[in-house]
Amino acid sequence: MSTRFWCETAWVNGQVATGVLLTADETGTLTSVETGIDTPPTIAEVVPGLTLPGGVNAHSHAFHRILRGRTHGDGGTFWTWREVMYSVAAKLSPGNYETVARAVFAEMLAGGYTSVGEFHYVHHEPDGTPYGAESQDERPRGDVSAHDEPRTHAMERALARAAASAGLRIRLLDTCYLTGGIDTDLSAEQARFGDGTIDGYMDRHTALSEFFATEFPVGAPGESFVHVGSAIHSIRAVPAANLPRFAELDGPVHVHLSEQPAENKASHAAYGTTPTQVLARSGVVASNLSAVHATHLSEDDIVTLGGAEANIVMCPCTEADLADGIGPARELADAGATISIGSDQHVVLDALRETQSMEAGERLRSGQRGRFSPAELITSLTEAGARSLDLPVGELAVGKACDFIAVATDSMRTYGSAGEQIILSATSADVSMTVSGAQVRVRDGVHTELGPISELYRAAFAALGMED
């Protein structure tokens with residue numbers, strides 16, 4: 001059995017092609033990409049507008065979405081925002097987190113993303129005790145995959161189930177979080193993030209990877225929705241002496257890097273150099289590293305990251321919301337780094353607006369237009385994110401997953417946009433269809449299986465006791 005989509009226009013091999021026929025096999029993997037097909041076959045679903053490869057959200061904290069529109073009343077700083085975030089983290093259980101994440105992941109799909117890197121650190125009970133058994137009242141109603149025997153990795157399983165049920169491809173970035181700051185113990189709010197020691201993290205990470213390999217086995221590109229990776233929360237949360245252990249791991253390694261000037265100041269005080277150079281001394285800066293934010297870098301930092309061909313994950317809407325600053329994306333790209341996009345705390349879940357915001361920030365800080373071309377912006381949203389997460393997505397090409405979005409070219413926002421320049425005019429309101437694994441997941445803003453996404457959020461806030 002195969003599935004076919006005939007696209008009016010589509011982004012193929014770095015340009016807009018017309019009459020594109022996509023054929024996927026029973027696993028949801030593309031087996032044929034044909035261009036110049038003037039008439040749609042009768043067995044193909046017609047996709048109007050411009051079809052783009054599905055957006056890759058390379059940095060997400062799913063539960064942060066709960067804070068949207070709730071942290072602006074008194075201005076504040078990144079650090080006061082963090083206290084509100086901790087209050088939400090304290091409410092999470094495996095059951096309600098699955099409900100929350102399901103809503104967030106459905107909104108991601110509606111917003112133009114088909115894959116996500118979930119930077120996950122809420123591992124344990126609020127007091128830091130590892131999860132054993134999920135009690136019946138913790139489980140979401142109707143969850144037939146939860147069992148009565150003792151469970152480990154309960155929070156991680158909740159996120160994986162939420163992503164799989166929504167049809168969002170996930171790289172679960174299992175995060176190491178050992179200290180509350182350099183040479184500072186975890187606070188009570190942070191206790192559930194920690195594993196005690198680097199050996200504790202490594203043991204749990206290995207067990208998690210092995211568990212998921214059985215529960216969510218990796219198959220063909222189109223059918224594998226759950227993957228595991230690793231993350232260093234930051235050099236504030238993982239002592240420098242422990243960092244070399246991450247060079248031993250295979251696959252993607254992500255890290256929050258120089259998001260705030262205070263982090264750089266603390267790094268200089270403790271280690272005599274920048275966070276980037278602390279990582280470099282530890283052997284962690286390599287082509288599998290993704291540095292998230294990378295906002296406050298020295299010229300040497302840019303050379304180090306670029307020379308290693310590292311990945312950079314810019315999260316411009318969050319960086320603007322938290323007044324973090326504007327990172328040197330153009331300079332990093334010119335130095336050899338690969339620039340991708342993340343939504344972080346989900347100020348918006350709009351792949352197009354997030355991408356536009358990176359270019360907007362570049363223009364504001366440089367006084368120049370066209371810092372990234374439309375083609376480069378599309379690459380950052382798609383292929384670059386796929387590289388960051390090491391997922392078989394990001395291109396409409398044979399052997400890749402059949403993941404794509406259809407962007408309306410005739411809306412009041414996009415009418416008249418020339419070809420790929422629509423990346424700078426469209427928003428999530430123009431995403432008429434989202435497909436992953438060759439299945440239509442969202443059509444006109446409504447999830448095809450889960451229903452209206454606003455109702456998913458109603459359930460999520462109720463599960464957290466935050467209806468008001």
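The values are calculated or read from the model by the stated rules, or taken from the named source; none is laboratory data. Because the structure is a prediction, the values reported are computed rather than measured. Glycine gets a Cβ as well: all are built from the backbone with ideal geometry, and neighbour counts include every protein chain shown. In case anyone asks, the SASA skips ligands and DNA or RNA and just uses the protein heavy atoms, side chains included. Shrake-Rupley method; radii C 1.70, N 1.55, O 1.52, S 1.80 Å.
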- Note on the structure: Packing-ranked peptide list from 270-278, 68-76, highest mean Cβ count within 10 angstrom first, is 270-278, 68-76
- Message: Net charge within 14 Å of residue 434 by Cβ-Cβ distance, Lys/Arg positive one each and Asp/Glu negative one each, not counting residue 434 itself?
- Response: -4
- Measuring from centroid to centroid over Cα atoms, what is the spacing of segment 331-351 and segment 1-70 in Å? 21
- Given R₀ = 25 Å, FRET efficiency for residue 37-residue 220 by Cβ-Cβ distance, to 0.05? 0.50
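For segment 1-37, which GluC sites (Glu not before Pro) are in a loop by DSSP, counting at most 11 other Cβ atoms within 10 Å?
The qualifying sites: there are none.
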- What are the residues whose amide H is under 5 Å from the amide H of residue 233, where those residues sit 5 or more places off or on another chain and H is modelled from the backbone? 176
- Message: Along the Cα→Cβ direction, 7 angstrom out, place labels at residue 323 and residue 210. What is the inter-label distance in nm?
- Response: 4.9
- Provide Rg over Rh for segment 332-468; use the alpha carbon set for both Rg and the Kirkwood Rh (inverse mean inverse pair distance). 1.00
- Query: Tally Lys/Arg at +1 and Asp/Glu at -1 over every other residue whose Cβ is under 12 Å from the Cβ of residue 110; what's the total?
  - Reply: -2
- Would you kindly derive the ³J(HN,Hα) couplings of segment 167-179 from the backbone phi angles with the Karplus curve 6.51 cos²θ - 1.76 cosθ + 1.60 (θ = phi - 60°), listing them in order in whole Hz, with x for Gly and Pro? x, 9, 6, 10, 9, 7, 8, 5, 9, 8, 8, 10, 9
- Compute the separation of the alpha-carbon centres of segment 211-276 and segment 168-207 and state it in Å as a whole number. 10
- Item | Cα Rg, Dmax, segment 220-283, angstrom units | 14.3, 48
- Query: Label-point separation (nm) for residue 454 and residue 70, each offset 7 Å from Cα along Cα-to-Cβ?
  - Reply: 1.9
- How do 459-466, 253-260, 53-60 rank on mean C-beta neighbours within 10 Å, highest first? 53-60, 253-260, 459-466
- Task: Quick one: work out the % antiparallel among DSSP beta bridges in the chain, nearest 5.
- Result: 45
- Kindly sort 161, 458 by accessible area of their heavy atoms, largest first, with the probe set to 1.4 Å. 458, 161
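Stick to the Cα atoms of segment 180-232, pair each with every other, and give me the Kirkwood hydrodynamic radius in Å at one decimal.
After inverting the mean inverse Cα-Cα distance, the result is 13.3 Å.
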- Over the chain, the sum of -39500 (n - 2.57) across DSSP H runs of at least four, divided by residue number and rounded to 500 deg cm²/dmol, gives at 222 nm -9000 deg cm²/dmol
- The Kirkwood hydrodynamic radius of the chain, taken as the inverse of the mean 1/r over all distinct Cα pairs, in Å, comes to 22.3
- Item | Integer Hz, Karplus 6.51/-1.76/1.60 couplings in order for segment 281-288, x for Gly and Pro | 4, 8, x, 8, 6, 8, 6, 8
- Message: Restricting to Cα pairs below 8 Å that are 6+ residues apart, what does the relative contact order work out to for segment 1-52? Please round to a whole percent.
- Response: 43
- Task: Add +1 for every Lys or Arg and -1 for every Asp or Glu among the other residues with Cβ under 10 Å from the Cβ of residue 180, and state the total.
- Result: -2
- Can you tell me which of 314-325, 354-365 comes out highest on packing, and rank the rest after it, using the mean Cβ neighbours within 10 Å? 314-325, 354-365
- Item | Among 209, 29, 317 - extreme Cα towards positive end, dipole of the chain, charges at beta-carbon | 317
- Item | Vicinal HN-Hα couplings computed from phi for segment 449-457 (Karplus, 6.51 cos²θ - 1.76 cosθ + 1.60; Hz; Gly/Pro x) | 10, 8, x, x, 6, 4, 5, 5, 6
- Residues whose modelled amide H sits under 5 Å from the amide H of residue 339, counting only those 5 or more places away in sequence or on another chain, are 312
- Counting only residues 5 or more places away or on other chains, whose amide H sits under 5 Å from the amide H of residue 226 once H atoms are built in the peptide plane? 170
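Given an 8 Å cut-off on Cα distances and at least 6 residues of separation, report the relative contact order of the chain as a percent.
Reported as a whole number, the value is 21 percent.
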